[in-house]
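**Student:** My structure is below; once you've seen it, I'll send some questions.
Read the figures in this text as sums done on the coordinates, not as results from a lab. What you see is a predicted model, and the numbers here were worked out from it, not measured in a lab. Every residue, glycine as well, gets a Cβ built from its backbone with ideal geometry; the counts of neighbours run over all protein chains shown.
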Amino acid sequence: MEPNAALLAGLAAGLAIAMQVGAVSLLLVDAAVTAGPRAGMAAGMGVAAADLGFAAVAAAAGGTAGAALASHETEIRVVAAIAVAAIAIHGLLALARESGIPATETAAGDPAVLRGGGPRAHFARFLAITAANPLTIASFAAVAAALSLEGPLAAVAFAAGVGLASAAWHLILSLAAGHAGRWMTPRFRRGFGVAGRLAVLAIAAHLALG
């Protein structure tokens, strides 16, 4: 496959995988709503950086990675379910600890709202969250194997396409959620956070049982 075609394939694959409603996207929306657009953008770039890394590994390994991961599909789903459930439970516990903070102290711009630290902390956190989900690399490995990428230029172009598509989508998502969060009351933001983490737990259960 020519580098130009590999780039387009990477853009398509990156966008298709990034747009799926999953645990990471739900947590990203919650982070943007809670901490604002700037932190949300940093979190989104953390997701995109992990996607870029996964795509690079998948493109370099080619069919070998796809075959290896396919033979352990059940184990991958269980590990992903455990990782996603742990993230959701940790978030619910954090919200429970914050429930005693008066609503007036969690107005937009107050440090209590900006839980999770600044942009750098959000970037690192979402890089780790995405990297902890083995389903992501399994998806990119399957695509890379199907494309039969040949040569380093095609592999680099594919990974670059994935990274660009993922960054663009998560930037749009985090900006939209961050600006929407400015119109929400502190009580609504807390309720939104709880609902989001319960949805993540449901995704974990589906992975474990699927």
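**Student:** If the only charges are +1 at each Lys and Arg Cβ and -1 at each Asp and Glu Cβ, what is the size of the charge dipole of region 3-209 around the Cα centre, to the nearest 20 debye? Mind showing how you got there, number by number?
**Tutor:** On the way: 11 positive and 8 negative charges, 126 e Å.
Computed charge dipole of region 3-209: roughly 600 debye.
**Student:** Charges on Cβ only, +1 for Lys and Arg, -1 for Asp and Glu, centred on the Cα centroid of region 116-210; of Gly181, Gly161, Thr136, which one is farthest towards the dipole's positive end?
**Tutor:** Gly181
**Student:** Work out, in µm²/s and without decimals, the Stokes-Einstein translational diffusion coefficient of region 3-209 at 37 °C, 0.692 mPa s, Rh from Kirkwood over C-alpha pairs. Intermediate values should be presented prior to the final figure.
**Tutor:** Numbers: Rh = 17.5 Å.
Using the Kirkwood radius from Cα pairs, D works out to 188 µm²/s.
**Student:** Want the number for Glu150 to Ala124: 0.36 nm per residue separation, take away the alpha-carbon distance, what's left? Mind dumping the intermediate values first?
**Tutor:** Working: separation 26, 0.36 × 26 = 9.36 nm, distance 3.24 nm.
The Glu150-Ala124 span can extend by a further 6.1 nm.
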